[in-house]
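Below is one structure, written out as structure tokens; the observations come after it.
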Amino acid sequence: MPFSFPYEIISEGEAIVAVPKLSAFRKAPWEYAPSKAPVFYNPAMRLNRDIAIVAVQAFQRITGREISAAEPLAGCGVRGIRFALEVEGIRHVYMNDLNPRAYEMAKYNVKMNRLSDVVTLSREDANLFMSRYAAPRKRFDCIDIDPFGSPTPFLDSAIRALRDGGLLALTATDMAPLCGVHPKAALRKYGGLPIRAEYCHEIAVRLLIGSLVMTAAKHNIGVKVFFSHKSGHYARVYAMLLHGARRANESIEKMGYILHCFNCLHRETSQGFTCTERKCRFCGAAVAISGPLWLGRLADDDFCERMKREASRIEKLDRRVREIISTVHKESDGPATYFVIDKICDKIGLPSPPIRRVMENLTEKNFKVWSTHFDPNGIRTDAPAKIVIESVKLSAQPPF
């Protein structure tokens, strides 16, 4: 028996790997088994890893050359092994984890998948690991930071270890701070304040990107957001880092604030780092302010098209992958924030109408409207809050 704890062999994508047998570490139904196991592995992140395969492959197609990828927090190694097996044009994968049991399990999995010539393993602190590759001509083409919690403690090291034009992928699982449950924690970690609005998941993504932008700017590096999404219990961002003070300044110019009125549901954005507005310009009520955060696009058109092509080609993907890519691509043309029909109906005391009917009503009024992947009952539109509420009221009336 290669490990001193219960484990099992599973398949994911093209990989066959040993992982902790999570049922053996859950003593109560409500316990989060991945954090109890001696080596971190979360089967619920399969969707995250599937989209990562598509994104890294799309990035490799853009570069047109062989690339190197790094996973500083490898756990059992399933993500890095899948990169090596499934992404065409991967030259080498560097995997690291400080946990000695994780290191041994990842080493076992690398050998089991016959990847010893393609994968390099190390066992040290993640920041130290990345710092060893910070010198020019040693940097990685792609770094994937997938921690248990916030990725911000690793941002500086990752930015320095990534080559000019490299791809940085970030996961944030601390959604409670990012969604406004613990605003001071969000301010400490991400440098911006959230609000507990119905579109808090979008705010979480924008705060994560904003933190990356401001951290990269300290190194005279700009950020081009390729793709971002919120799925399950995490926010995820893929961005290209571009060296140069001008690039950094251009990214900073897309920072700002979101102003939200809980009285009439009006929301608007304010570009820049000063925000003097304190009252809603429609109803005069006090507004809640979120930021500073990223106000730019949440996805890039060309990158999304490349992801769609790769997703149609790659087998063994979660069925949700293509749907998420398509929805994120479409809604990236819309304005910041979205409306949740259920929340509006709760406020005005009406039963929730079919979302399709509300969208059709807004389209008939010559407004643009998109579905959003953030919420199945949410819509993104250029219509003001007043018009959206009117459309919900009209759609809630029984047809004659």
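The values are calculated or read from the model by the stated rules, or taken from the named source; none is laboratory data. For clarity, every value in this text was computed on a predicted model and none was experimentally measured. Reconstructed Cβ throughout: ideal geometry from the backbone, glycine too, with neighbour counts over all protein chains shown. Calculation scope for accessible area: heavy atoms of the full protein, side chains included, ligands and nucleic acids excluded. Shrake-Rupley method; radii C 1.70, N 1.55, O 1.52, S 1.80 Å.
Search the range 39-53 for residues that are under 16 Å from residue 77 (Cβ atoms) and pair each with any residue that is at pLDDT 95 or above and open to solvent by 60 Å² or more (accessible area, probe 1.4 Å) when their beta-carbon atoms are under 8 Å apart and the residues are at least 6 apart or on different chains.
As it stands, the answer is 39/101, since those pairs meet every condition given.
Look at residue 289 and say whether it is assigned to a helix (DSSP H, G or I), on the phi < 0 side of the Ramachandran plot and touching a Cys at 6+ places or on another chain (Cβ under 8 Å).
Criteria not met by residue 289.
Between a residue in the range 365-381 that is farther than 24 Å from residue 233 by Cβ and charged (D, E, K, R) and any residue that is open to solvent by less than 40 Å² (accessible area, probe 1.4 Å) and outside any loop (DSSP other than H, G, I, E, B), which pairs come within a Cβ distance under 7 Å, given they are 6 or more apart or on different chains?
365/387; 368/381
Would a scan of the range 152-166 turn up a residue that is in a loop (DSSP other than H, G, I, E, B), closer than 20 Å to residue 217 by Cα and of a type in the set (Ser, Thr, Tyr)?
For the range 152-166, residues in a loop (DSSP other than H, G, I, E, B), closer than 20 Å to residue 217 by Cα and of a type in the set (Ser, Thr, Tyr): absent.
List, please: which pairs have Cβ atoms under 7 Å, are six or more places apart or on different chains, and start with a residue in the range 308-326 that is among the small types (Gly, Ala, Ser) and end with one that is assigned to a helix (DSSP H, G or I)?
As it stands, the answer is 311/54; 311/321; 311/322; 311/325; 326/308, since those pairs meet every condition given.
Report, by residue number, each residue of the range 351-364 that is of a type in the set (Lys, Arg) and touching a residue at least 24 places away in the same chain (Cβ under 8 Å).
357
Table: residues versus (1) under 25 Å from residue 69 (Cα atoms); (2) in contact with a Gly (Cβ under 6 Å, 6 or more places away or on another chain).
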site	(1), (2)
141	yes, yes
169	yes, no
192	no, yes
196	no, yes
202	no, no
221	yes, no
224	yes, no
234	yes, no
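For (1) touching a Lys or Arg at 6+ places or on another chain (Cβ under 8 Å); (2) open to solvent by less than 10 Å² (accessible area, probe 1.4 Å), each residue gets a yes or a no:
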residue	(1), (2)
163	yes, no
176	no, no
216	no, yes
229	yes, yes
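Only one of (1) under 20 Å from residue 233 (Cα atoms); (2) open to solvent by 70 Å² or more (accessible area, probe 1.4 Å) is not met by residue 14, so which one is it?
Tallying (1) under 20 Å from residue 233 (Cα atoms); (2) open to solvent by 70 Å² or more (accessible area, probe 1.4 Å), residue 14 fails exactly one: (1).
Could you count how many residues in the range 205-237 are modelled with pLDDT under 95 and of a type outside the set (Gly, Ala, Ser)?
Residues flagged as modelled with pLDDT under 95 and of a type outside the set (Gly, Ala, Ser) within the range 205-237 amount to 1.
Can you tell me which of 251, 290 is hydroxyl-bearing (Ser, Thr, Tyr), surrounded by 15 or more Cβ atoms within 10 Å (Cβ to Cβ) and farther than 27 Å from residue 375 by Cα? Working first, answer last.
Values: 290 fails: farther than 27 Å from residue 375 by Cα.
One residue alone meets the criteria, 251.
Going by the structure shown, is residue 154 in contact (Cβ under 8 Å) with a residue 60 or more places away in the chain, touching a helix residue (DSSP H, G or I) at 6+ places or on another chain (Cβ under 7 Å) and surrounded by fewer than 16 Cβ atoms within 10 Å (Cβ to Cβ)?
No: the conditions fail for residue 154.
With respect to residue 362, determine if the residue is over 25 Å from residue 196 (Cα atoms) and either among the hydrophobic types (A, V, I, L, M, F, W, C) or modelled with pLDDT of 95 or more (or both).
The answer is yes for residue 362.
Looking at the range 232-243, which of the residues that are in a strand (DSSP E or B) and surrounded by fewer than 19 Cβ atoms within 10 Å (Cβ to Cβ) is nearest to the chain's Cα centre (by Cα)?
242
In the range 313-351, how many are closer than 21 Å to residue 266 by Cβ and of a type in the set (Gly, Ala, Ser)?
Narrowing the range 313-351 to residues closer than 21 Å to residue 266 by Cβ: 331, 334-350.
Remaining after also requiring of a type in the set (Gly, Ala, Ser): 334, 336, 349.
Counting residues in the range 313-351 that are closer than 21 Å to residue 266 by Cβ and of a type in the set (Gly, Ala, Ser) gives 3.
Name every residue in the range 219-229 that is touching a residue at least 60 places away in the same chain (Cβ under 8 Å) and assigned to a loop (DSSP other than H, G, I, E, B), in order of residue number.
Hit for the range 219-229 is 219, nothing else.
Can you report the number of residues in the range 135-151 which are on the phi > 0 side of the Ramachandran plot and either of a type outside the set (Lys, Arg) or surrounded by 14 or more Cβ atoms within 10 Å (Cβ to Cβ) (or both)?
1
Considering only residues of the range 195-213 that are open to solvent by less than 10 Å² (accessible area, probe 1.4 Å) and not in a helix (DSSP H, G or I), which is farthest from residue 157 (Cα to Cα)?
197
Okay, residues lined up against (1) closer than 19 Å to residue 225 by Cβ; (2) touching a residue at least 12 places away in the same chain (Cβ under 8 Å):
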site: 114; (1), (2): no, no
site: 150; (1), (2): yes, yes
site: 163; (1), (2): yes, yes
site: 181; (1), (2): no, yes
